[in-house]
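Down below is the structure, laid out as C-alpha cells.
Just so you know, all these numbers are worked out from the coordinates, no wet-lab data involved. Not measured: the values here are computed from a predicted model. With ideal geometry, Cβ positions are generated from the backbone for all residues, glycine too; neighbour counts draw on all protein chains shown.
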Amino acid sequence: MDMKFFDRAQLFACMLAAAPFAASAQTIYPLDRAEILAGSHFDFKVEFPDTVKGEDASVTINGRPAADVLNAPTEFLVHEEGQAYNALWLRNASITRADKYVVEASGGGQTAKVTWEVFETPGERRAKNVILFIGDGLSVAHRTAARILSKGITEGHYGGELAIDDMPHMALISTAGTDSIVTDSANSMSAYTTGHKSCVNALGVYCARNKNTLAHPHVETLTSLVKRKLGLAVGVVTNTEIEDATPAGMVAHTRRRSDYSDIVRMFAEQQPDVIMGGGTPWFLPKSANGSRRDDEVDYIEKFKGLGYTYVSQNTDMMAAGADASTRKLLGLFNNGNIDGALDRRLLKKGTVSRYQDQPDLVDQVKVSLDILSKKSEGFVLMVESGRIDKYSHSLDWERAVYDTIMLDNAVKAAKDWAGERNDTLIIVVPDHTHPVSIIGTVDDNRPGERLRDKIGTYNDAGFPNYPAADADGYPGKIDVSRRLAFTFGAFPDHCMTGKPYLAGENKPAIPGPDGKTQIANEEYCAPGSARMQGNLPITANSGVHSGDDGILTAMGPGSEGFHGHLENTKVFRIIAQALGLGK
Ligand SMILES: [Zn+2]
C-alpha cells in the first residue's frame with residue numbers, strides 16, 4: 001500500500017485526537033485506569049498549565065509524596081520544549097507493591113486525579129518460553145477463507161482444522177487505543193508488549209504534549225523486562241520491514257511509528273537475539289547507495305560487532321540456523337516487505353524477480369526456534385505475518401488469505417516444536433481487524449455481463465471450486481471459475497473486478513488531477529467490473545482498519561487465562577503471569 005497516504009491519514013487522526021486537550025487542567029501520565037506491572041519501569045509525567053510554578057505544584061500518590069512512592073527524582077520543566085505548559089517528571093520510576101494507587105496532582109487551584117492498579121504475578125513461573133504470533137489485521141473472514149482454501153469444504157463440512165483454530169483457549173480481544181475506537185498496529189502492539197494502551201502511531205510511550213516524538217513518557221517493553229528480570233532470549237520475526245509498527249513494538253519508544261532510523265537504533269540498544277524481516281535501507285549509512293537513514297551509522301556492521309550473524313538470503317538463514325554456534329542472528333531479506341506467499345509460490349509478482357531467495361515465515365520460525373532454544377533460561381519469540389493487513393488495505397484478499405495460510409503453517413511449526421514439552425505458551429492474535437466478510441461466490445458461468453450478475457448468494461453461492469491444496473496448504477490455482485465473494489466494508493473509489501490480481505498487488509485508487517483526492521484506478525475498470533463509489537474520505541486510497549474485536553487463540557501453560565472478552569492490555573498481563581514477571 002501507499003505508505004505516504006497511510007502516514008497522512010494517521011497524522012490526521014493524531015490532529016483530531018489532540019484537538020480536545022483541556023488546557024486548563026493538568027494531565028497525569030500514566031493515564032487513569034493504567035495497569036502497571038509491579039517492578040516495571042515507566043516515566044511519570046504531569047503537565048501543568050504554565051501559570052503553575054514548581055513550588056505550587058503538588059503530586060501525591062495514596063497521600064504520600066510521589067517521589068517516595070516512585071523511587072525516582074523529580075524534575076520540573078518550565079515551558080517544556082518552549083511550549084505553553086510546565087512539566088513535572090519522575091523518569092524511570094517503578095512501584096514494587098501491588099495495590100490500587102490514587103494519584104493527585106494539584107496546582108493553580110485545580111486537582112487532577114487518576115487511579116492505577118499495580119499488579120504482581122502470584123504463584124510460580126509456568127512458562128519457560130512464549131511464542132506470540134501476530135496476524136496483522138487478521139479478521140474472522142481471513143480465517144474462514146484460509147480454512148476454505150486450505151482444507152476444502154463440501155456439503156458444509158470442512159476437510160480439516162487450521163492450526164490457529166485448533167487450540168484449547170480462545171478470547172475476543174478489543175483493540176481500541178487511548179485516542180480512538182479504531183487502532184493502528186503501533187499502539188495495539190504496544191498494548192501487548194507493555195500492558196499500557198496508547199494512541200495511534202505511538203510505540204512504548206504515552207502520548208503527551210511533547211513535540212519531540214522521542215521525548216514522550218516511556219513504558220517498559222516486554223523485551224526489556226524479560227531480558228532484565230529473567231535473562232531470556234528474545235526473537236523479533238516478521239515478513240514486513242523490521243522497522244514497521246508491529247516488530248518495532250517489541251523495542252521502540254516513540255510517538256511516531258515512522259521514526260525508522262531511531263527504531264533501528266533501539267533494536268541495537270535492546271538487542272533481541274534474533275531479528276528478521278525486510279527494511280534493509282534503514283540499516284545502511286546515509287551516504288551508502290539506497291540508504292534511508294538520517295545518520296552515517298552502518299547498523300549492519302554495528303550488529304556484526306555486537307556478535308550477530310548477518311544474512312540476507314534464505315539459504316544463508318537456513319545455514320545459520322543449522323550452525324550450532326549461532327547465538328544471534330540479523331536477517332534482512334528485502335529493501336521493503338518480504339513478498340507474500342501467493343507471489344513467492346505461485347504468481348512470481350511483487351519483487352520476487354529481484355529477490356529470488358527470500359525466506360518463508362515458516363522457515364524463519366524454525367530457524368528462530370533453533371537459535372533461541374539454546375538459551376537455557378527460555379525465550380520470548382514474536383512472529384508477525386504482517387501482509388495480511390497490507391493486502392487488506394489494498395483490497396487484495398487472495399494475497400491476504402495466502403499469508404493467513406502462511407501464518408497457520410508457521411503456528412503449526414511452533415506447535416510441532418512445542419510438542420509435549422508443556423513449557424511453551426503459544427498465542428495467536430491480531431493486533432486489530434479489517435472490515436471484511438465472505439458473502440457468497442463469484443461464478444464466471446452465471447449469465448449476465450456485470451459483476452453483480454456473477455455473484456451468487458445463499459443457495460446460489462454453493463461452494464467455490466479451488467483445487468485441493470498442496471502439502472503446504474495452498475491451492476495451486478487461484479483464478480478458478482467459481483471464487484469466494486470476499487468483500488470489504490470500507491473502500492476508496494475503485495473498480496471491483498471480482499477476480500484475483502494476477503499481474504501484481506491491487507492498487508484500487510490513484511491520485512486524481514489535483515494530486516490529493518483519490519480516484520478509481522482505471523486499470524481495473526474494464527467492462528464486467530463494478531465501479532464502486534468510495535465510502536471513505538476522498539483522500540483515502542485504500543481500505544482501513546475496523547474497530548471490531550479480534551479472535552485470540554492460545555495453548556500451553558498460562559493459556560487458560562484467555563477466555564471471554566479481554567482488553568488488549570490483558571494479553572501482556574497473561575504473558576507476564578505465565579513468565580512470573582511481576583515478583
Ligand atoms: Zn494496517
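Peptides 435-444, 132-141 ranked from most to least packed give 132-141, 435-444, packing being the mean of other C-beta atoms within 10 angstrom over each peptide's residues.
In terms of other Cβ atoms within 10 Å, TYR355, TYR206, TYR458, TYR85 run from fewest to most in the order TYR458, TYR355, TYR85, TYR206. For segment 90-227, a Kirkwood hydrodynamic radius built from all Cα pairs, placed in the Stokes-Einstein relation at 10 °C and 1.306 mPa s, yields a translational diffusion coefficient of 84 µm²/s. Considering only beta bridges that DSSP places wholly inside the chain, some 60 percent are antiparallel.
Considering all C-alpha pairs of segment 265-384, those separated by over 20 Å amount to 44%. Other residues whose C-beta falls under 11 angstrom from the C-beta of LEU90 contribute a net charge of -1, scoring Lys and Arg +1 and Asp and Glu -1. Under 5 Å between amide hydrogens, built in the peptide plane, is the criterion, and for LEU329 it picks out VAL274, ILE275, THR309 among residues at least 5 positions away or on other chains.
Largest first, the three principal axis extents of the alpha carbons in segment 185-266 are 35, 27, 21 Å in whole numbers. Rounded to the nearest 20 debye, the dipole magnitude of the chain is 300 debye, with +1 charges on Lys and Arg beta carbons, -1 on Asp and Glu beta carbons, and the Cα centre as origin. Quarter the surface of the alpha carbon convex hull of the chain and you get the mean projected area, 27.2 square nanometres.
Of the peptides 513-526, 47-60, 361-374, the order by per-residue mean of other Cβ atoms within 10 Å, starting with the highest, comes out as 361-374, 47-60, 513-526. Hydrophobic long helices, here whole DSSP H runs in the chain with Kyte-Doolittle means of at least 0.0 and Cα atoms spread over 18 Å or more along the helix axis, are found at 3-18. Straight-distance candidates among the lysines for linking to LYS100, with alpha-carbon spacing under 30 Å and chain neighbours fewer than 8 residues away dropped: LYS45, LYS53, LYS113, LYS128, LYS197, LYS227, LYS229, LYS570, LYS583.
Close amide-amide hydrogen proximity is noted between LEU381 and VAL130, ILE131, LEU132, GLY235, each under 5 Å apart and 5 or more residues distant or on a separate chain (H modeled in the peptide plane; Pro and chain starts excluded). Highest mean packing first, where packing is the average number of other Cβ atoms within 10 Å per residue, the peptides 285-297, 462-474, 212-224 line up as 212-224, 462-474, 285-297.
Remark on SER546: its backbone amide H falls under 5 Å from those of THR433, HIS434, a criterion applied only to residues 5 or more positions apart or on other chains, H modelled at 1.01 Å from N. Computed from phi, the 3J(HN,Hα) profile of segment 127-135 under the Karplus parametrisation 6.51, -1.76, 1.60 (θ = phi - 60°) reads 10, 6, 10, 10, 10, 10, 9, 10, x Hz, with x in place of Gly and Pro. Quick one: check the C-alpha center-to-center distance for segment 245-277 versus segment 134-166, whole angstrom. Spelled out, the Cα-based centre of one part sits 32 Å from the other.
Cβ crowding within 10 Å ranks MET382, MET555 as MET555, MET382, fewest other Cβ atoms first.
Summing +1 for each Lys or Arg and -1 for each Asp or Glu among the other residues whose beta-carbon sits under 12 angstrom from that of MET170 gives -3. Local charge sum around GLY54 (other residues, Cβ-Cβ under 13 Å, Lys/Arg +1, Asp/Glu -1)? In short, -4.
Among ARG399, ARG143, sorting on how many other beta-carbon atoms sit within 10 Å of each Cβ, with the fewest leading, yields ARG143, ARG399. Restricted to Cα atoms, segment 19-177 shows a radius of gyration and a Dmax of 23.5, 75 angstrom.
With Cα atoms defining each centre, segment 285-307 and segment 447-512 are spaced 42 Å apart in the structure.
The distance from the alpha carbon centre of segment 377-425 to that of segment 34-70 is 40 Å, rounded to a whole number.
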